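Taking it in order: structure first as structure tokens, then the write-up.
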Amino acid sequence: MKARSGRRASIVIDLGFGDCGKGLLTDFLVRRTGASVVVRYNGGAQAGHNVVTPDGRHHTFAQFGAGTFVPGVRTFLSRYVVIHPTALLVEGEALRTKGVGEVFSRIRISERARVITPFHQSANRLRELARGESRHGSCGVGVGETVQDALEHPEETLHAGDLRDAARSRRKLQRIRERKNEELRALWTALPAGGPAGRERAIFEHEGVIGAWLEQATHLVKLGLVVPDSTLRDWMTESPATVFEGAQGVLLDEWHGFHPFTTWSDCTAANALALIAESGLDIEVERLGVLRSHMARHGAGPLPTETELLRPVLSEHNVHNAWQGNVRYGWFDAVLARYALDVVGGVDALAITHMDLLKQLRTWKVCAGYQREPMPGDSELIAHRGGAGLVTRLAVAPTSSLDRQARLAGWLGDVTPSLEECAANEGAVLEHLERHLGRTVDLVSHGPRARDVSLRIRNRSA
């Protein structure tokens, strides 16, 4: 990472299935660059970005930026973020108890950000419950339901700016409830009356839900949190550096992930670059890609290198939850890492986190390619086959096609990874990573704190 002059922006991009360490890298960059602004540029309230401070305080950031523990650092939730008003208020209070001062004066929300309503969240959960063993791995927060609704019924979309007008918001909420109730009618008979399904159905049946929710949600307006997009430019003008904090990961991207086990969000740097361009400011931009020293996936979907051998030696904040289930682990997959890098067009710097795992292993493994018998239609999915027919590179779709990505998901579920191994020491592992990825590793992390991140400087100025 080179020293910059003038204003700079760092875009943090998760190149995996999420959970690669975006919170850690955001906190590290804020402390290193002096950034006073963190911008969330995709995803929504389902984020779970873990930060541990030098003095041991821990928080899993969902809507507040992961630089919030640093005094004076502000968060801007851009129009690309799907917000959950009541959860944001709860998170703010949680941060206050952890010593974060003036917490609500340090976050602002684009008036164009889409809002998750109680009916979107419940509909999301009911659909996932109805899928049974075929769940998609939703977080159960309602982000995807909200985005889909906004695409199909834009006139009914509730935006943060609408919360300024309680009557307008109430009318939209009533229409959303009526339509969602009708959409879900077929599910009512297929799901049990009690238990989780009964609790979610009750959201549609209790008349007081809209009023109670609005009373809380409009508190964002009373606190002065809802602002025009021009606020972001003003903040970036005042700060020597800005960190754009991504959510989820490229392998979950709405168009490049493996359908239907994806998120309704663009997980590339595209939204961040659009926001920077709109600012009109002269800013040097650095795209920082983040990967783990192994694979991790929370929820259903393909994970070709999955192994139970890593679970006993891993200890982290990301744990089982009722909607996604267990966190799944696998050996490092160079094929998927190459694919993610190709999707985003490469990065300026690459970070590898969770290198402290190596202390728990005798050998470390990497998937160099996939073994699979050639089948009709493979040419659309494969960019390169190496010796003995080993698939070493996946093709990036030239145009958006969920059908194509669904076929790729099925294809990945039927491959055999070809694993190489080496001694579990940092030098050997990084040598393998750089050879398989065809680029340098620029940062490594050996723990959950910013001080655990170090730059690898080779004949360059820091």
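The values are calculated or read from the model by the stated rules, or taken from the named source; none is laboratory data. Keep in mind that this is a model prediction, so the values were computed, not measured. Here Cβ is always computed from backbone atoms with ideal geometry, including for glycine, and neighbour counts include all displayed protein chains. Surface areas here come from the heavy atoms of the whole protein model, side chains and all, with no ligands, DNA or RNA. Shrake-Rupley method; radii C 1.70, N 1.55, O 1.52, S 1.80 Å.
Data overview
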| quantity | calculated |
| --- | --- |
| Residue tally, condition in contact with a Ser or Thr (Cβ under 7 Å, 6 or more places away or on another chain) and at positive phi, over the stretch 344-368 | 1 |
| Total residues in the stretch 353-405, condition open to solvent by 40 Å² or more (accessible area, probe 1.4 Å), of a type outside the set (D, E) and within 24 Å of the chain's Cα centre (by Cα) | 7 |
| Top-ranked residue of the stretch 233-253 - restricted to ones that are open to solvent by 10 Å² or more (accessible area, probe 1.4 Å) and touching a Leu at 6+ places or on another chain (Cβ under 9 Å), ranked as farthest from R31 (Cα to Cα) | R233 |
| Test: residue in the stretch 28-40 that is closer than 26 Å to T263 by Cα and either open to solvent by 30 Å² or more (accessible area, probe 1.4 Å) or among the polar types (S, T, N, Q) (or both) | no |
| Cβ pairs under 8 Å, 6+ apart, first in the stretch 205-222 and open to solvent by less than 90 Å² (accessible area, probe 1.4 Å), second in a loop (DSSP other than H, G, I, E, B) | W213/T117 |
| Options T242, T268, T263; residue that is polar (S, T, N, Q), in contact (Cβ under 8 Å) with a residue 60 or more places away in the chain and under 20 Å from R74 (Cα atoms) | T242 |
| Condition met for G346 (out of contact with any Phe, Trp or Tyr (no Cβ under 8 Å at 6 or more places or on another chain), open to solvent by less than 10 Å² (accessible area, probe 1.4 Å), at pLDDT 95 or above and not in a helix (DSSP H, G or I)) | no |
| Cβ pairs under 6 Å, 6+ apart, first in the stretch 390-415 and under 17 Å from P376 (Cβ atoms), second of a type in the set (D, E, K, R) and open to solvent by 30 Å² or more (accessible area, probe 1.4 Å) | V391/R385; V415/R372 |
| Matching strands (runs of 3 or more DSSP E) fully within the stretch 403-462 where at least 2 residues are under 20 Å from L24 (Cα atoms) and in contact with a strand residue (DSSP E or B) (Cβ under 8 Å, 6 or more places away or on another chain) | 443-445, 453-455 |
| Pair list, Cβ < 7 Å and 6+ apart or interchain, from the stretch 104-121 residues that are in contact (Cβ under 8 Å) with a residue 12 or more places away in the chain and among the acidic types (D, E) to residues that are assigned to a strand (DSSP E or B) and buried (at least 22 other Cβ atoms within 10 Å of the Cβ) | E111/V226 |
| Residue in the stretch 272-280 that is under 25 Å from Q405 (Cα atoms) and buried (at least 21 other Cβ atoms within 10 Å of the Cβ) present | yes |
| Unique residue being under 16 Å from R449 (Cβ atoms), outside any loop (DSSP other than H, G, I, E, B), at pLDDT 95 or above and among the hydrophobic types (A, V, I, L, M, F, W, C) when the list is V70, V39, V90, V51 | V51 |
| Count - residues of the stretch 32-57 that are over 28 Å from G144 (Cβ atoms) and touching a Pro at 6+ places or on another chain (Cβ under 9 Å) | 5 |
| The stretch 227-239 residues that are farther than 15 Å from A160 by Cα, paired with ones that are surrounded by fewer than 16 Cβ atoms within 10 Å (Cβ to Cβ) and not polar (S, T, N, Q) (beta carbon under 9 Å, 6 or more apart) | L232/E278; R233/E278; R233/G280; R233/L281; M236/L281; T237/L281; S239/G34 |
| Check on E254, of a type in the set (D, E), within 22 Å of the chain's Cα centre (by Cα) and over 19 Å from Q63 (Cα atoms) | yes |
| Selected residue [crowded, with 17+ Cβ neighbours inside 10 Å and in contact with a Gly (Cβ under 6 Å, 6 or more places away or on another chain)] from V115, V141, V103 | V103 |
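Quick grid of which residues meet (1) more than 27 Å from G345 (Cβ to Cβ); (2) hydrophobic (A, V, I, L, M, F, W, C):
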site	(1), (2)
T416	yes, no
L419	yes, yes
A423	yes, yes
L430	no, yes
L437	no, yes
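Yes or no, residue by residue, for (1) at positive phi; (2) under 10 Å from the mean Cα position of the chain (by Cα):
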position: S10; (1), (2): no, no
position: G18; (1), (2): yes, yes
position: L24; (1), (2): no, no
position: R31; (1), (2): no, no
position: V38; (1), (2): no, no
position: G43; (1), (2): yes, yes
position: G48; (1), (2): no, yes
position: R57; (1), (2): no, no
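The rows are residues; the columns are (1) among the hydroxyl-bearing types (S, T, Y); (2) closer than 26 Å to D19 by Cα; (3) modelled with pLDDT of 95 or more.
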site: M375; (1), (2), (3): no, no, no
site: G389; (1), (2), (3): no, no, no
site: R393; (1), (2), (3): no, yes, yes
site: V396; (1), (2), (3): no, yes, yes
site: D414; (1), (2), (3): no, yes, no
site: L437; (1), (2), (3): no, yes, yes
site: R458; (1), (2), (3): no, no, no
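For every residue, the table says whether it meets (1) farther than 17 Å from T60 by Cβ; (2) surrounded by 24 or more Cβ atoms within 10 Å (Cβ to Cβ); (3) free of Cβ contacts under 8 Å to residues at least 40 places away in the same chain.
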| residue | (1), (2), (3) |
| --- | --- |
| S78 | yes, no, no |
| A87 | no, no, no |
| E91 | no, no, yes |
| K98 | no, no, no |
| R127 | yes, no, no |
